[in-house]
1. Checking the conditions here, which among ALA34, ALA19, ALA55 is at pLDDT below 60, under 15 Å from the mean Cα position of the chain (by Cα), surrounded by 13 or more Cβ atoms within 10 Å (Cβ to Cβ) and among the aliphatic types (A, V, I, L, M)?
2. Can you tell me how many residues in the range 37-89 are among the small types (Gly, Ala, Ser) and within 16 Å of PHE101 (Cα to Cα)?
3. Sort out which residues of the range 61-100 are assigned to a loop (DSSP other than H, G, I, E, B) and closer than 11 Å to ALA34 by Cα, and write them in order of number.
Amino acid sequence: MLRRIFIIFIFHFILTQTACYKGNDYNYEPRYYASWSCQNNSSCINALGYNLGSAGGFCSLSSCQNWTAANVAIYPTSSSNCAETATYTIFIMPKGNVSCF
């Protein structure tokens, strides 16, 4: 019994690392990553911690786009994009045991 629980746990861990879990129907979808460039804007760098970086994974493209609108687009000259792969090192990720933003 303990072995079966362990195998299920490992399977669940692997799936949640590669995709976002949606409810109880085992519908996994890709994660999205917001990659940004502050273009040397000091306010942007101070807020995000790095001139270039990525955040994620987001469970939907719209949540990724909302995050960039609220956290990157507010700085002049900054740029960002959301994609299924991170362009830069991921510096901002979900806290705790949350598998998606």
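1. One residue alone meets the criteria, ALA19.
2. Residues in the range 37-89 being among the small types (Gly, Ala, Ser) and within 16 Å of PHE101 (Cα to Cα): 11 in total.
3. VAL72, GLU84, THR85, ALA86, THR87, TYR88, THR89, MET93, listed by residue number.
The values are calculated or read from the model by the stated rules, or taken from the named source; none is laboratory data. All figures in this text were calculated on a predicted structure; none of them were measured in a lab. Glycine gets a Cβ as well: all are built from the backbone with ideal geometry, and neighbour counts include every protein chain shown.
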